[in-house]
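The values are calculated or read from the model by the stated rules, or taken from the named source; none is laboratory data. Please read all numbers here as calculations on a predicted model, not as lab measurements. Here the Cβ is made from the backbone with ideal geometry for all residues, glycine too, and neighbour counts use every protein chain on show. We work out accessible area using only protein heavy atoms, side chains counted, and drop any ligands, DNA or RNA first. Shrake-Rupley method; radii C 1.70, N 1.55, O 1.52, S 1.80 Å.
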Amino acid sequence: MHRAAKITWVCWIGLILLSGCVDDSATRLNSPAGANTSSPNASVNHKGQPVLSWQREEQDTTILEYSVLSQQGWSEPIEVARGTDWFVNWADIPAVQPVTDSFWAAHYLQRTPGGTYAYDVRLRLSNDGGKNWRDAGSPHQDGTLTEHGFVSLYANAGRLGVVWLDGRETSASVDAANHHAGHGGMTLRAAFMDAQGQFSDREQVDRLVCDCCQTAAVMTLDSPLVVYRDRTKSEQRDIVSSHWLQDGWSQPKPVGVDGWQINGCPVNGPALAARQNAVAALWYSGANGQSQIFFSRSADGGVSFDRKLKINKGRALGRVTLLMYPDRSALLAWMRENTSGTAHIVGRFISSNNELGPILEFVQVSPKRASGFPKLFLSDVGTVLAWTDQSDVAPRVRTLIVDELLSK
């Protein structure tokens, strides 16, 4: 079992110093991403090794790249796709997802000609383990000049599972000053794609969801599970779940009822982790004027969730991430705003029986949108945090081993 260790604080010199103070128990891990990179995302290959992806800006071109971490370090970055017509957003980011040893997939967002705020999900496909890539089209075929994004990818029995927010039911007229204000009916949809790029089971999961919060999807022992921020007609926006039942997606159920009434999108989606049917969910809520981070578990693959636990102290910005260890304990992380106007990515260990450790400051970051969303993942070299560092001349995705903060 992991426990929080005693902390002594130092500041590293150089680039890490510019990012703020970090614990001297943490180990700097040289990132495979260079300058002008952002939007880290993480998945796992068939060997259990983490796959870190990011976006790189090169003049007027955006490039999606990835690297794999092993005991020998990061692999040489591989390019997945590039384009000059991408929709690049601080919160709606691409991903690379291994499905089998040979079948890999990825996605990015492409602007739709003729639509001011219209963009589509574009998929990429590799049949040689992520070395060479080709276009695989789009999981949606509605042809509307609306928003499609906030994608979650997962592997399901040799198929790629795709979940996304789909704006086909939204109004064609858009308020130019606040392009989400005029919308009604953002939906959540899902599909599967095989290794030949053929789609199946295109389904609507939910007919009304929050317009721009991240989705999260995992494969449990029994079925795929998706967790996301719902939206009611009265503008209550809480976290709900749905799982695949072979003949369609289940009726959405609350993960935790916060009662957050907000007439607009908070751009703060949930995080999800699973080991067989043990599931953990983490999310942000601004209900009742408070900024809170909540955690809940499920022992039945997400069919039902236990009573939620409040995790944070102080003012939380959200932007949550988590991972689950083999013993079902977990490490939770989020961004916390400081009174000085700065922010920290902080973490907290929770045991398998929900005993909470102290809140640990991992790294100082900018509270602005450009800092994006951090990611936690497990590797052979330790527990790794990836984030977008905005402290240098050019943004850069950085990585840090943090599990020395937790004694075994």
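Which residue, of S25, S31, is at pLDDT below 90 and assigned to a loop (DSSP other than H, G, I, E, B)?
Numbers: S31 fails: at pLDDT below 90.
Criteria check complete, one pass: S25.
Anything in region 42-70 that is part of a loop (DSSP other than H, G, I, E, B), of a type outside the set (D, E, K, R) and within 13 Å of L378 (Cβ to Cβ)? List them, or say none. Outline the logic, then answer.
Here is the first cut: in region 42-70, the ones part of a loop (DSSP other than H, G, I, E, B) are 45-49, 59-60.
Still in the running and of a type outside the set (D, E, K, R): 45-46, 48-49, 59.
Correct list: N45, G48, Q49.
Residues to consider are V279, V226, V257; find the one that is within 29 Å of K368 (Cα to Cα), of a type in the set (A, V, I, L, M, F, W, C) and within 20 Å of the chain's Cα centre (by Cα).
Details: V279 fails: within 29 Å of K368 (Cα to Cα); V257 fails: within 20 Å of the chain's Cα centre (by Cα).
One residue alone meets the criteria, V226.
From the residues in region 364-408 that are touching a helix residue (DSSP H, G or I) at 6+ places or on another chain (Cβ under 8 Å) and open to solvent by less than 20 Å² (accessible area, probe 1.4 Å), which one is farthest from S38 (Cα to Cα)?
Among those residues, the one meeting the criterion is G382.
Within the set of pairs 6 or more residues apart or between chains, which connect a residue that is more than 22 Å from G372 (Cα to Cα) inside region 212-223 to a residue that is open to solvent by 20 Å² or more (accessible area, probe 1.4 Å) with Cβ atoms less than 6 Å apart?
The qualifying pairs are T220/A274; T220/N277; L221/Q276; L221/N277; S223/H243.
Run down G302, G382, G314, G341 and say which single residue is of a type outside the set (K, R) and modelled with pLDDT of 95 or more. Walk me through how you get there before you give the answer.
Values: G382 fails: modelled with pLDDT of 95 or more; G314 fails: modelled with pLDDT of 95 or more; G341 fails: modelled with pLDDT of 95 or more.
None of the others qualify; the one that does is G302.
Could you tell me whether region 259-276 includes any residue that is at pLDDT 95 or above, out of contact with any Phe, Trp or Tyr (no Cβ under 7 Å at 6 or more places or on another chain) and basic (K, R)?
For region 259-276, residues at pLDDT 95 or above, out of contact with any Phe, Trp or Tyr (no Cβ under 7 Å at 6 or more places or on another chain) and basic (K, R): present.
So which residues in region 239-251 are closer than 16 Å to L208 by Cβ, of a type outside the set (S, T, Y) and crowded, with 20+ Cβ neighbours inside 10 Å, if there are any at all?
Selection gives I239, V240, W249.
For residues that are touching a strand residue (DSSP E or B) at 6+ places or on another chain (Cβ under 7 Å) and free of Cβ contacts under 8 Å to residues at least 40 places away in the same chain, tally how many sit in region 224-233. Before the answer, list the steps.
Within region 224-233, the first condition is being touching a strand residue (DSSP E or B) at 6+ places or on another chain (Cβ under 7 Å), and the residues that meet it are 224-231.
From what's left, free of Cβ contacts under 8 Å to residues at least 40 places away in the same chain: 230.
Total meeting the criteria: 1.
Which is of a type in the set (K, R), open to solvent by 40 Å² or more (accessible area, probe 1.4 Å) and within 21 Å of R202 (Cα to Cα), of R134, R111, R124? Break it down stepwise before answering.
On the way: R134 fails: within 21 Å of R202 (Cα to Cα); R111 fails: within 21 Å of R202 (Cα to Cα).
That would be R124, the only listed residue that is of a type in the set (K, R), open to solvent by 40 Å² or more (accessible area, probe 1.4 Å) and within 21 Å of R202 (Cα to Cα).
Assuming V267 fulfils every condition listed in (1) crowded, with 21+ Cβ neighbours inside 10 Å; (2) under 18 Å from Y154 (Cβ atoms); (3) not polar (S, T, N, Q) apart from one, which condition is it?
(2)
Do we find that G129 is in a loop (DSSP other than H, G, I, E, B), on the phi > 0 side of the Ramachandran plot and touching a Ser or Thr at 6+ places or on another chain (Cβ under 8 Å) in this structure?
Details: in a loop (DSSP other than H, G, I, E, B): yes; on the phi > 0 side of the Ramachandran plot: yes; touching a Ser or Thr at 6+ places or on another chain (Cβ under 8 Å): yes.
Yes.
Can you name the residue in region 71-91 that is of a type in the set (A, V, I, L, M) and outside any strand (DSSP E or B) and is also farthest from the chain's Cα centre (by Cα) among such residues? Talk me through it step by step, then tell me what you get.
Of the residues in region 71-91, the ones of a type in the set (A, V, I, L, M) are 78, 80-81, 88, 91.
Cutting the leftovers down to outside any strand (DSSP E or B) gives us 88, 91.
Details: V88: 15, A91: 9 Å.
Looking at residues that are of a type in the set (A, V, I, L, M) and outside any strand (DSSP E or B), I get V88.
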